[in-house]
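Structure record follows, encoded as structure tokens.
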């Protein structure tokens, strides 16, 4: 376990350097100056047009390093997005307990807890989002006392956060019922993760298990949920295991198409290969609030599935999708040319490949590559497969036939 923790904490050594910026706000809600840190992704300054989701880490002094290391590792493999981490300083004196003050009778934030609740949502987040380049996707994380406190944001009709990471939470009165009730009626896409350990305190583990049962009893879930109960883990060691699980759960679907996904899902489809990649990135934008360019490796995966299943007409759809996302590059031209080539329309394919001369190269699709593809087809006679791939419904109603007005088609008789 210590090896895992050390590994995560030292990842920054290998994957570039983040920039940590000390920040402070003269808070009207708290009636004092409050300090926190903003940890920017390694290439924030270079990628001047890129926007990032926000991760608010309570108990930031000891939790932020784990989240930062996991995000750097996941982003290195393009499994997790880069995020702006807001590390909230709370571990001095009794501060974390004051920030998390809840009413014993109502279970709602009160006193300093109510002030801190409003500080996060009404002062700190607007400040961060006004100063830094952010996407409209927010995640909050905490441990024990702060993990229980963050659940209170779900009590709002329009929760401030999209994702919740609750690690060994210390829950207030009836929280194991209220959280489930709020999740049951949410209309906003919510990702909720909670974790406990086999060696955690009994009173904490009992409530997380009760909440798990209540959430699983919800019939129609408009949210995503995961609960991990780590075998052999203590109240503290479970955190090192839970953080990667939580982030990969929150951003499930963000990852590029894997070989397993390709073999078990995509290549087995009867049709709709191009629609698969369209839906993938549509879901990333709608459910995760992340607008990213479709990965070129995903284009290659879809292309491979189309070719393997000889669904060549879908190359035209893939070409249109490429033109929408990479309009100045050779990508869309390549897929259109490949369509003509596979359909035996070699003259059209040559003409299309030659268009690559006017486009910007992308990955291996250089101008030289495109011209070589065209050269290879020169002298080949067309062997069109258009009729072979024609829509059967269209064959039943050949072009020129009009069933509505009784019109005829002189080519109808004679089949082809």
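The values are calculated or read from the model by the stated rules, or taken from the named source; none is laboratory data. The shown structure was predicted, so the numbers you read here are calculated from the model rather than taken from an experiment. Here Cβ is always computed from backbone atoms with ideal geometry, including for glycine, and neighbour counts include all displayed protein chains.
Residues in segment 324-359 that are part of a helix (DSSP H, G or I) and touching a strand residue (DSSP E or B) at 6+ places or on another chain (Cβ under 9 Å): 4 in all. Screening segment 229-251 for residues that are assigned to a loop (DSSP other than H, G, I, E, B) and in contact (Cβ under 8 Å) with a residue 60 or more places away in the chain and picking the one that is surrounded by the most Cβ atoms within 10 Å (Cβ to Cβ) gives 251.
Within segment 202-212, being surrounded by 15 or more Cβ atoms within 10 Å (Cβ to Cβ) and farther than 14 Å from residue 230 by Cβ holds for 207, 210, 211. All of (1) part of a loop (DSSP other than H, G, I, E, B); (2) modelled with pLDDT under 90; (3) more than 22 Å from the chain's Cα centre (by Cα); (4) surrounded by 14 or more Cβ atoms within 10 Å (Cβ to Cβ) hold for residue 5 with one exception: (1). Determine, yes or no, whether residue 74 is in the same structural domain as residue 20 (by TED's automatic domain parsing), within 24 Å of the chain's Cα centre (by Cα) and either assigned to a helix (DSSP H, G or I) or at pLDDT below 95 (or both). Criteria met by residue 74. Scanning segment 377-391 finds no residues that are modelled with pLDDT under 95, surrounded by fewer than 13 Cβ atoms within 10 Å (Cβ to Cβ) and either part of a strand (DSSP E or B) or in contact with a strand residue (DSSP E or B) (Cβ under 8 Å, 6 or more places away or on another chain) (or both).
Per this entry, residue 284 is counted among residues that are touching a residue at least 12 places away in the same chain (Cβ under 8 Å) and either part of a loop (DSSP other than H, G, I, E, B) or under 17 Å from the mean Cα position of the chain (by Cα) (or both). Filtering segment 67-79 for residues that are closer than 19 Å to residue 136 by Cβ, touching a strand residue (DSSP E or B) at 6+ places or on another chain (Cβ under 6 Å) and crowded, with 18+ Cβ neighbours inside 10 Å leaves an empty set. Only residues that are closer than 14 Å to residue 135 by Cβ and in a loop (DSSP other than H, G, I, E, B) were counted across segment 47-71, and they come to 4. Within segment 165-213, the set of residues being within 29 Å of residue 286 (Cα to Cα), part of a helix (DSSP H, G or I) and either free of Cβ contacts under 8 Å to residues at least 40 places away in the same chain or outside the structural domain of residue 101 (by TED's automatic domain parsing) (or both) comprises 176, 177, 179, 180, 181, 182, 184, 185, 212, 213. Just to be sure before I move on: is residue 151 outside any strand (DSSP E or B), out of contact with any helix residue (DSSP H, G or I) (no Cβ under 7 Å at 6 or more places or on another chain) and either modelled with pLDDT under 95 or within 23 Å of residue 97 (Cα to Cα) (or both) in the structure I sent? Considered against the rule, which asks whether it is outside any strand (DSSP E or B), out of contact with any helix residue (DSSP H, G or I) (no Cβ under 7 Å at 6 or more places or on another chain) and either modelled with pLDDT under 95 or within 23 Å of residue 97 (Cα to Cα) (or both), residue 151 comes out as no.
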